[in-house]
Each structure stands twice: as structure tokens, then as C-alpha cells.
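Please treat every number below as a calculation from the coordinates, not as lab data. Remember, predicted model here, so these are calculated numbers, not experimental data. All Cβ positions, even for glycine, are placed from backbone atoms using ideal geometry, and neighbour counts span all protein chains on display.
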């Protein structure tokens, strides 16, 4: 899979836990197609990192000593628009992952993943998007569900899911893998990955639209 | 409060007094004032009609000069008549008019007061120009006369006026001084007198009656408030009583006897009603007074009832009646005034005072009626009665405003108590919710503790034992720790709601277990079919499902030596069947089940209302978890409590 013709992916890690920093560095070391180009231990350092030249992948831990990783994700989204952002998490619990995606993350990395798995996930993210867990798929579906009694307070849905994206998400909630989904939907695995990437984007865009809508509602805009 | 109200009252009283003085001063009559007359008295029988023409010089008898007003004292006992006719008396008044001071053109004759229990006729220069067309007794004599003189082309001012009054012998005849003048000179005086003597009582008693009808309608709906009924009765009786101040100038539709009955008797009824009304104001019910008043009223009403022979004419015995009622009224109202003052009822004092005033003025009216005082004065009782009307109005108004403000106060109190009640409810609701929250928290804690104990805790303890005995390599330890982390992830997953979605739960399990399966090289075939929502599948239950299936997977990985695991779901007879099929070597279910943790799985399944089954052959093993679609799951506590 690593293509030596291309320049290696430049990866940065924002993480306060030294142990994970070490295992992360160890996971990247043998991979020829990626290089750990930067490390930050807290939000302040991360901001300084973001002032520098853009990198390809940024892995962010949420619980930083001087603030939330969500802010780092948001800042990175603005500073490095082309950078793929991953949130590193122990449990991939819905609350943190959804908040990260809404802030602009395109996937997540389980901290207990094996070294090979870590490298694979970084590649997958760069190639398209991380896998979505059934629960997070379910959460996204709920987020995009058309409001049934059409309450006035509901924000306008700028990017409703396409029927195919919806179908893919439904299958994810039932536990099917991307390969199985590709088979069931009679498409290629790549197409499924495309659906997933778009879903990530729509979630981010929608959350921004919601934020603007909320701000209008509260007279901030 | 008292002084400011008293000041207001004095202010109004002063204004009224000023207005009355102004009216009096502005309506003094002018013109020819006839204050002396020649009088000729003839005894007669019955009421012969007056002749059309008469020559006063031919009348039999001797004339004598009198000053007007002329009002002979009545005899108490009428004299006996001849031939069944009522003995009457004809009194002639003759006025010689001064040719040097003739009546003006378009002249009126104004008679402020006249009295006769009989007929009244006026001649000008010997020709009849006016005669009464009325009942004999009740002939409207409280109305002043306003007689236009003949106004023809040939008319000359009259030289002589002659008045013929035929009345019951010994009773009733009287004449005030006369005025002769044009409209401008006399009309103000006439209209003012007519208004105050007849029309004012008429208007006020009619208005009073109208409010009485209203009060009566109120009483019909609120029978317990007898004050309204008494008020209504008072208005009716007052209306009857005041009739004789303005009625009778034309013939009445009823006989004199009946008219007398229902205008004289009301005096007694009024005293009774006012007393009953006052009793309700001062709440001092002296039975004897009420009974005496009611008795007297009843006796008078019966003995004067004109329906039977042998009863008395109310008109004739009215002086007796009036005197009786004056005495009783004085006593009663005096007592009522006292009692009202003691009870602190200002209304009672006001009404009792008005009533006392009416009695006193009634005494004056008796004197006026009996020609003991100047007959040109006004009957005054009716003004006290009008004052009484106002007093009644004020009392009812007070009741009304009091009731309204009571309703307002009641509303305020009601709103307040409602708000208090609401706050109470809110508080108890909050308390309940707090308790509920605590309970939920407690259960959640119980559940997690149980889970830590069964899962993570025991895994760590056994790992510790193994490590302590040095019988494990690093890979083994890593394996155990991975298992612990998986346990922890499932615990965390179980904290998020799955909202009745079993497949979501299975998907979650797959997501967590997939890395381990991949590591073991066992292929996973995901062959789930849609299942109906399980309404009972909450967080507590979903953890049980996760643990049951996790253990099934672990068993396959550890023991089966399988190359493939198939996960299936199907629905049969209201039961969802979750299957974990492996292609491993199989085992003897009966012999091996307890050791392989089936007992634990079975207990968990039972706790959520389901059960587990194992089928094993040499070609593989099928583990089945059967879950009811309908929530026949046992209670939460049991689900929590029975796991060791």
C-alpha cells in the first residue's frame, strides 16, 4: 500500500499523555509513507503549531491540560483547511466523537489500537474517512432526521443526506462492515467510503448552520 | 371617616337648601291676591249637581266676611242625615273684584289649596266656569287648581267670583287664598307647587318601585337574602301610599272605599316593613314589637276591608289609624334607632332617623289635614318618605358595593391560595423527581458496580493471580488487558441508549469485538435480519444482552477452534432469536455447559425475560439467545439483583 513515489504524510499529534505519545511515535516509525512532523502537549502549543506550515494529518486528544481539543480541531480546520483531522479517544464514545466531527474532525483513532492499526487508520483517514461506529451512525441519522411535526425552532437542514447515504448509515447501525455494505448496495467499497466522507462533511456543515441559526435566534448575529 | 362624610353631607344639604330657597324666591306668585271673601253656609242633603247659572244675591242665608285661608275645624262625629241621604253642607265663597284693578287678559285663577269631601265648583259673574269631575272623597285635593278664565272676544274681566263647595257636613271644607293673574305672574308658583306637592312624590315613588322590582328579581334568585324582598315590598307599599298625593283629580277607576283602603293601610305596613328591615340591620329582634306592629297592621287591614258589611271606611277612620301608627312608629323607630346605634349600624341609624322624621312630619300632616295649621302649607310626610327612599337606596348600594368588594377579595384570596397550592405541588413534584433521580442514579450505580464486579474486576483479579504465579508471558498479559478494555468499552456502550434497537446493540458489539476476531483470524459473517423494536430494551437490559453475547463470542474464540462465526437474527412466535454459530469442533452440552459460563448467561437472560440455548454437534455449535418482543421482562430490581 505505501507508495514510495509520493512524499510521506506529515502527521502531527496533540496529546498530553507521554505514554501515548511514545506509542504513537513508535507506531509511525516503521511506516515509510508517513512521518511525525510535529507534537504539541497542550492547546497553546497546538496553536503555535498551527501557525506553522500546514501538515497532512492532525491527531488531537480532547482532554488537554489547558483546554479542550475541540478548540484545537476548530482552529486547525480554519488554519489548515486541507488537513485531515482525527480525534484520539479511548472509548470512541458518541458524545466526544460527534462533537469532534462537528468541529471538523474527519475520523477518530482508538488509543488502544495496535501500532499497525494506528498507521492504517491514518492512511484511511487521508484516503477518505474513518469507519463510523454503529452508534455514531445512529446519532448522525437522528441528527439528519426530518423534524416530524416541523417545530419552528428546528434549524434549516442545509445538507440533508441523500437516500444512498441514508441507506449506508442505516446499514452501519445494523453492524455491517463497509465491504458488506458495498455488497448489499451493489457498489464498490470506495463508493461506500465516499458516502462516509460526505456524511462527515455534511455533519460539520450542518453543525455550522445550526450554530448560525442558534446565534440568529439568540440575536447574536 | 366620619368627619369627611359629615362634611360632604353638609355640603350637599347646604346646596339643596340653597336651591330650594332659590326656587321658593323665584316662584312667588304675583297678580291679584284674594285674601278676603264673603261666606254663606247652607245645610244640604246629598250631592246635587251645581246649577249652570247663579245669582249670588238670591242665595238664601246671610253672608259674612272671612279672611282666607278659611278652614273650619271639623266635627268628629258627622251629623245625622235625612231620607237616607248623607247630610252635606254647601259653603259659598264670594269675591267681589275691584273694577279699578281688573284681571289681565288671558287670566288664570290659581287655587293653591282646597278641600272638600264632596264637590267643588267655580262661577265667574254667575256662570259656571269649572267643576270637579272626581270621586267625592279622594278627589285630588292635594293638587293645586289652575283654571284658565274664559277668553272669548266679548270677554270682559269678571266682576265677581263665586266658589261652591259641597262637602260632608262637619268635615273637610276649606279654601286657601286665591290668585288671579296672567301666565307670567302665576305659572311659576303653580308649577312649583304642583311639582313639589304631586309630581315629585309620583316620580320618586315610581323610580323607587322600579328598583324594587329589580330587588324582587334578585330575591327570586337569592331567596335567603330577605333584605331584597323587604326592600321590594317597601317600594310597593310606598308607591301605594304616595298615590293619594297626586291621584284623584279625575274620577278613579276604583271606589273611594278601596282607594282609601290601599292608600291608608300602607302607613301601618310601612312601619312594619321598615322595622323588619331595621331588624336585619341591627340584628336585635325584639319579638313583641314585630308582633304588635304586624297585629295592628292586620287588624286595620281587616276592619277596613270594603268587601264585607260592617267594616269601617278606611278614609273615615284614617285619623285614628294615623294617630295609632304615629305612636307605634315613634316607639318602634326610637327603639330601632337605639338598637342600630348599639349595633354600630350607621345604615340602621340613618333609616330609623328618616322614619322618625316621617312620623313627626306625619303628626304635622294630621294637623294640616284637620285644619289646625295654615292649610296653604305643604304636606310634609312624603318628603320624609322620599328621604327614606334615598336611605333605602344607600343601604342597598352599600350592600352591593360590599358584595362586589367581597368577591374581589375572595378572588384575591383564591388566587393566592391557588398560587400557594401550585407552589406546593411544584415542590412535591420536584421532590418526587429528585427521589426518582436518586433512585435512577442508585440503580445505575448498582448496575455498574455489579458489572465491574463480574467483568473488569474478576478479569483483573484472575490476571493478577496468573501474573503472580509467573505462568504467563507478555502476550498473555496483553490479551487479558485487551479483554479488560473491551469489557470497559461495552460498559460504556451500555450507558448510551439504544432506543429499542437490538441490531444497533449487536452492531455495537461487533464494532468492539471485531479487532479481537481479526487478530484470531476467525471470519465473521454478519447475517442479521431486521427485528421489531424491543420496547423493554433499556440501558440495563442492553448491558445484559451485550455480556451474554460477549461471553458467547469469547467461548467460541477460546474453545471452539472455529474458522468462522455466523451471527444471525430471526423472529419466531413473538420471540427474537439471536444466534452465534461456529464451525468449531463442538462439545457435549450437558457435560460442559456450567464450566463454560452458560449458567451465568442463563441467569442474565432470565433477568431480562429471555433464555439461552446451546446446540452442539461435531460440525459446530449454535448458541441462541431468545428475547421476547413484548416486554415480559421482570422488574428492574430483579434484573439487577439476581446476578451474583
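With the cut-off at 1.5 for a/c, could you classify the range A:9-127 from its C-alpha gyration tensor as rounded, prolate or oblate?
Numbers: a/c = 1.30, a/b = 1.15, b/c = 1.13.
Rounded, since a/c falls under 1.5.
For the range B:266-390, what class follows from the C-alpha gyration tensor (a ≥ b ≥ c being the square roots of its eigenvalues): rounded when a/c is under 1.5, otherwise prolate if a/b is larger than b/c, else oblate?
On the way: a/c = 2.57, a/b = 1.29, b/c = 1.99.
Since a/c reaches 1.5 but b/c is at least a/b, the shape of the range B:266-390 is classed as oblate.
Quantify how strongly other chains surround peptide A:81-94 by giving the mean number of their Cβ atoms within 10 Å of each of its Cβ atoms. Kindly include the intermediate steps, with their values, before the conclusion.
On the way: counts 0, 0, 0, 0, 0, 0, 0, 0, 0, 4, 7, 5, 5, 5.
Average per residue, whole number: 2.
Mark the label point 7 Å from the Cα of residue B:11 along Cα→Cβ and return the residues of the range B:387-406 whose backbone N is within less than 13 Å of it.
none
Label chain B by shape, choosing from rounded, prolate and oblate, from the square roots a ≥ b ≥ c of the eigenvalues of the Cα gyration tensor; if a/c is under 1.5 it is rounded, and otherwise prolate applies when a/b is larger than b/c, oblate when it is not.
Prolate.
On average, how many beta carbons from a partner chain sit within 10 Å of the beta carbon of a residue in B:500-508? It would help to have the intermediate numbers written out before the result.
On the way: counts 0, 4, 1, 7, 8, 3, 3, 12, 6.
Mean number of neighbouring Cβ atoms from other chains: 5.
How far is helix B:502-520 tilted, in degrees, relative to the longest principal axis of the Cα atoms in chain B, given as a value from 0 to 90 rounded to the nearest 10?
20
Order by neighbour count: A:56, B:43, fewest other Cβ atoms within 10 Å first, most last.
Details: A:56 20, B:43 12.
Fewest-to-most ranking of A:56, B:43: B:43, A:56.
Counting other C-beta atoms within 10 Å, which of B:370, B:62, B:255, B:205 has the fewest, and how do the rest follow?
B:62, B:255, B:370, B:205
Treating the angle as unsigned and between 0 and 90°, give the value, to the nearest 10°, between the Cα long axis of helix B:318-343 and the longest Cα principal axis of chain B.
Roughly 40 degrees between the two axes.
For the protein assembly as shown, what does the helix formula give at 222 nm: sum of -39500 (n - 2.57) over DSSP H segments with n ≥ 4, over the residue count, nearest 500 deg cm²/dmol? Provide the component values of the computation, followed by the final result.
Details: 26 runs with 446 residues, N = 865.
So the helix-based figure for the protein assembly as shown works out to -17500 deg cm²/dmol.
Taking the beta-carbon count within 10 Å as an exposure proxy, list A:117, A:202 from fewest neighbours to most.
Working: A:117 16, A:202 21.
Least to most surrounded, the residues fall as A:117, A:202.
Measure nothing fancy, just the Cα-based angle from helix B:226-246's long axis to the longest principal axis of chain B, in degrees from 0 to 90, nearest 10.
Compared with the principal axis, the helix lies near 20 degrees.
Hull surface divided by four, with the convex hull built on the Cα atoms of the protein assembly as shown: how many nm²?
On the way: hull surface 286.4 nm².
Taking the Cα atoms of the protein assembly as shown, their convex hull projects to 71.6 nm² on average.
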